[in-house]
Amino acid sequence: MSSNDTEKKSLQEINQSIAVPKKASFWKNLFLFSGPGSLVAVGYMDPGNWITSVVGGANFRYLLLSVILFSSLIAMQLQQMAGKLGIVHRKDLAQTTATHLPTWLRYLLWVVIELALMATDLAEVIGSGIALHLLFGWPLLFSILITIFDVFLLLGLMRLGFRKIEAIVSTLILTILAIFVYLVLLSRPDWAGIAQGYLPQKEVLGIGLSNGGQALTLALGIIGATVMPHNLYLHSSISQTRKVDYDDPKDIRRAVRFMTWDSNIELSLAFVVNSLLLILGAALFFGHASEIGAFSSMYDALQNNQIAGAIASPFLSTLFAVALLASGQNSTITGTLTGQIVMEGFLRFRLPQWVVRLLTRFLALLPVIIVAFLFGDKESVLDNLLVYSQVFLSIALPFSIFPLVYFTSKKEILGEFVNAKWNTFLAYGIAILLTILNLQLIFTTLF
């Protein structure tokens, strides 16, 4: 179950770096093991979620809340598997893939996850750039281009220690949560409609709707923005930051137990934030969907009396932009770590963090620059690019789910911590369902 001690550890500089006393109370254990879940939760509320959730609410009111609920439950299941793989096997998902799968498949999966990282980074680039544009009035393309300098943000934070990074990320998450609770309460949503929206309906698949193709696209976009492929790699690595006595099975069980608590609590917060985004879109912008397809139009709508009603004010739109910037910067931290994990795990060589980050950021900026030159720096065009990047993440998701479920269902890899059979069958069923829906989306888009 354990890896060779001479083998390089995942994120070696922080691996097993946080001590947890064996004889601690439940609450102290929960506090000391809490943190990795917050970094994972960041990927479930990044700028990519914003555009799909708010536009989903503006177009279909509360209909797609059931998709957010479904996605969040899937996320809890998969992230628990990923964290467990890291703790028990002492290898992250990328390292495990490189070790246990054929070379050709290993490189295929590496290409897919690198493209998924580019799509994720694209959301961070556009979200952070637009937030800077809205807050400071800088030209949009310039605001997007200067996001390249946040490459060095994590490099500075790493010097503070990983526990400090967890605290900063958690603070930014609570800031985003507080802002959207405030905005939604002001918007006075239809609570009965919200409750009904969490119940699955056939219209989610576009059945019976005149614009059913858009409903399915947004539903898959929400899944792609909520269940992030790169998060499975991230969690399998940072779950190893706590010291575990591998000679004591009870200590391994304790680590897995509190990793699960941490992950589920933080993902519950992400579920609330994503629900609030869609509810805000439904309560304020339903009937004005054509006017809020971009971040800046959402920003403007929050101070437009004809759209947001009596609550409209520049203060609310500024809060929206601050939350957007916080979300983009949070995602930058986790994107940097994941880029390093994927590069080192799949290719088995290490590069300086700043090199990995500059490379992935440049690849994310490339399509933005091309689109800007072809269409100008129109935000609506960039937001369409962002929506389709989230749809691609949904398409890439099965390429991460299948290997994860396969490895965590193998007793020779996880021993007594192997998945229960029902859990394995359920996870495979979800992966197959997502694959079918994605094939349907591709067919609908092309033909």
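Could you tell me which residue of segment 429-441 is modelled with the highest pLDDT, considering only residues that are surrounded by fewer than 16 Cβ atoms within 10 Å (Cβ to Cβ) and within 22 Å of Phe392 (Cβ to Cβ)?
Pass one, segment 429-441, residues surrounded by fewer than 16 Cβ atoms within 10 Å (Cβ to Cβ): 429, 432-433, 436, 439-440.
From the residues that got through so far, the ones that are within 22 Å of Phe392 (Cβ to Cβ) too are 432-433, 436, 439-440.
Details: Ile432: 92, Leu433: 87, Ile436: 86, Leu439: 81, Gln440: 77.
Selected residue: Ile432.
For segment 16-59, name all the residues that are of a type in the set (Gly, Ala, Ser) and open to solvent by less than 20 Å² (accessible area, probe 1.4 Å). Please lay out each step first, then the result.
Our first condition is that a residue be of a type in the set (Gly, Ala, Ser); within segment 16-59, this holds for 17, 19, 24-25, 34-35, 37-38, 41, 43, 48, 53, 56-58.
Residues satisfying the conditions are Gly35, Gly37, Ser38, Ala41, Gly43, Gly48, Ser53, Gly56, Gly57, Ala58.
Give the residues of segment 231-256 that are assigned to a helix (DSSP H, G or I) and either under 23 Å from Phe346 (Cα atoms) or touching a strand residue (DSSP E or B) at 6+ places or on another chain (Cβ under 9 Å) (or both), sorted by residue number.
First pass over segment 231-256, keeping only residues assigned to a helix (DSSP H, G or I): 231-241, 249-256.
Within segment 231-256, Asn231, Leu232, Tyr233, Leu234, His235, Ser236, Ser237, Ile238, Ser239, Gln240, Thr241, Ala255 meet the criteria.
Identify the residue in segment 291-309 that is open to solvent by 30 Å² or more (accessible area, probe 1.4 Å) and farther than 20 Å from Ile126 by Cα and, among all such residues, is nearest to the chain's Cα centre (by Cα).
Looking at the filtered set, the residue picked out is Gln303.
Out of everything in segment 261-283 that is touching a Pro at 6+ places or on another chain (Cβ under 9 Å) and of a type in the set (A, V, I, L, M, F, W, C), what residue ends up being farthest from Ile74 (Cα to Cα)? Lay out the reasoning, then the answer.
Let us first name the residues in segment 261-283 that are touching a Pro at 6+ places or on another chain (Cβ under 9 Å), namely 262-263, 266, 279-280, 282-283.
Checking the rest, the ones that are also of a type in the set (A, V, I, L, M, F, W, C) come to 279-280, 282-283.
Working: Ile279: 21, Leu280: 23, Ala282: 24, Ala283: 27 Å.
That would be Ala283.
When you go through (1) hydrophobic (A, V, I, L, M, F, W, C); (2) in contact with a Phe, Trp or Tyr (Cβ under 8 Å, 6 or more places away or on another chain); (3) at pLDDT 85 or above one by one for Leu105, which number turns out not to apply?
So Leu105 meets the others, but not (2).
For Ala131, indicate whether it is touching a Phe, Trp or Tyr at 6+ places or on another chain (Cβ under 9 Å), modelled with pLDDT of 80 or more and under 15 Å from Phe295 (Cβ atoms). Spell out the reasoning first.
Working: touching a Phe, Trp or Tyr at 6+ places or on another chain (Cβ under 9 Å): yes; modelled with pLDDT of 80 or more: yes; under 15 Å from Phe295 (Cβ atoms): yes.
Yes: the conditions hold for Ala131.
Being more than 29 Å from Leu115 (Cβ to Cβ), within 16 Å of the chain's Cα centre (by Cα) and among the hydroxyl-bearing types (Ser, Thr, Tyr) is the requirement here; does Ser268 meet it? Steps first, please.
Numbers: more than 29 Å from Leu115 (Cβ to Cβ): yes; within 16 Å of the chain's Cα centre (by Cα): yes; among the hydroxyl-bearing types (Ser, Thr, Tyr): yes.
Yes.
Tell me yes or no: at least one residue of segment 259-278 is of a type in the set (D, E, K, R), out of contact with any strand residue (DSSP E or B) (no Cβ under 8 Å at 6 or more places or on another chain) and either under 25 Å from Ala94 (Cα atoms) or modelled with pLDDT of 90 or more (or both).
Step one: filter segment 259-278 for residues of a type in the set (D, E, K, R), giving 262, 266.
Imposing the further condition that a residue be out of contact with any strand residue (DSSP E or B) (no Cβ under 8 Å at 6 or more places or on another chain) reduces the set to 262, 266.
From what's left, either under 25 Å from Ala94 (Cα atoms) or modelled with pLDDT of 90 or more (or both): 262, 266.
Looking for residues that are of a type in the set (D, E, K, R), out of contact with any strand residue (DSSP E or B) (no Cβ under 8 Å at 6 or more places or on another chain) and either under 25 Å from Ala94 (Cα atoms) or modelled with pLDDT of 90 or more (or both), one finds at least one in segment 259-278, hence yes.
Every residue, every condition in (1) touching a residue at least 60 places away in the same chain (Cβ under 8 Å); (2) touching a Ser or Thr at 6+ places or on another chain (Cβ under 8 Å); (3) within 21 Å of Asp383 (Cα to Cα), yes or no:
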residue: Ile14; (1), (2), (3): yes, yes, no
residue: Ala19; (1), (2), (3): yes, no, no
residue: Gly37; (1), (2), (3): yes, yes, no
residue: Trp50; (1), (2), (3): yes, yes, yes
residue: Val55; (1), (2), (3): yes, no, yes
residue: Phe60; (1), (2), (3): yes, no, yes
residue: Val88; (1), (2), (3): yes, no, no
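Within segment 134-167, track down each residue that is at pLDDT 80 or above, within 21 Å of the chain's Cα centre (by Cα), of a type outside the set (Lys, Arg) and open to solvent by 40 Å² or more (accessible area, probe 1.4 Å).
Answer for segment 134-167, where residues must be at pLDDT 80 or above, within 21 Å of the chain's Cα centre (by Cα), of a type outside the set (Lys, Arg) and open to solvent by 40 Å² or more (accessible area, probe 1.4 Å): just Ala167.
Looking only at segment 411-436, how many residues end up being without any contact (Cβ under 8 Å) to a residue 60 or more places away in the chain and farther than 18 Å from Phe70 by Cα? Give the steps one after another, and end with the answer.
Narrowing segment 411-436 to residues without any contact (Cβ under 8 Å) to a residue 60 or more places away in the chain: 411-412, 418, 420-422, 424-425, 428-429, 431-433, 435-436.
Filter once more, so that each one left must be farther than 18 Å from Phe70 by Cα: 411-412, 418, 420-421.
Final tally of qualifying residues: 5.
All but one of (1) surrounded by 19 or more Cβ atoms within 10 Å (Cβ to Cβ); (2) under 28 Å from Gly56 (Cα atoms) hold for Leu414; which doesn't?
Failed condition: (2).
Considering only segment 259-280, state which residues are more than 22 Å from Ile223 (Cβ to Cβ) and buried (at least 22 other Cβ atoms within 10 Å of the Cβ).
Met259, Asp262 - these are the residues of segment 259-280 that are more than 22 Å from Ile223 (Cβ to Cβ) and buried (at least 22 other Cβ atoms within 10 Å of the Cβ).
So which of Arg254, Arg242 ends up being more than 29 Å from Asn438 (Cβ to Cβ), open to solvent by 10 Å² or more (accessible area, probe 1.4 Å) and either small (Gly, Ala, Ser) or at pLDDT 95 or above (or both)?
Working: Arg242 fails: open to solvent by 10 Å² or more (accessible area, probe 1.4 Å).
One residue alone meets the criteria, Arg254.
Across segment 15-50, what is the number of residues that are more than 17 Å from Phe286 (Cβ to Cβ) and in a helix (DSSP H, G or I)? Full working, then the answer.
Quick first cut of segment 15-50, residues more than 17 Å from Phe286 (Cβ to Cβ) only: 15-49.
Next cut, in a helix (DSSP H, G or I) only: 26-33, 36-42, 47-49.
Looking only at that region, the number is 18.
Residues to consider are Val356, Val368; find the one that is within 30 Å of Tyr246 (Cβ to Cβ), in contact with a Gly (Cβ under 9 Å, 6 or more places away or on another chain), at pLDDT below 75 and open to solvent by less than 80 Å² (accessible area, probe 1.4 Å). Even if it seems obvious, please write down each step before you answer.
Values: Val368 fails: within 30 Å of Tyr246 (Cβ to Cβ).
Only one candidate passes the filter, namely Val356.
For segment 77-122, what are the residues that are β-branched (Val, Ile, Thr) and either within 12 Å of Val342 (Cα to Cα) or open to solvent by 40 Å² or more (accessible area, probe 1.4 Å) (or both)?
Filtering segment 77-122 down to residues β-branched (Val, Ile, Thr) leaves 87-88, 96-97, 99, 103, 111-113, 120.
Of everything in segment 77-122, those that are β-branched (Val, Ile, Thr) and either within 12 Å of Val342 (Cα to Cα) or open to solvent by 40 Å² or more (accessible area, probe 1.4 Å) (or both) turn out to be Thr96, Thr97, Thr99, Thr103, Val111, Val112, Ile113.
The values are calculated or read from the model by the stated rules, or taken from the named source; none is laboratory data. Predicted, not measured: the structure shown is a model, and the values here were computed from it. Reconstructed Cβ throughout: ideal geometry from the backbone, glycine too, with neighbour counts over all protein chains shown. Ligands, DNA and RNA are stripped out before the accessible areas are found, and what is left, the full protein with its side chains, is counted by its heavy atoms. Shrake-Rupley method; radii C 1.70, N 1.55, O 1.52, S 1.80 Å.
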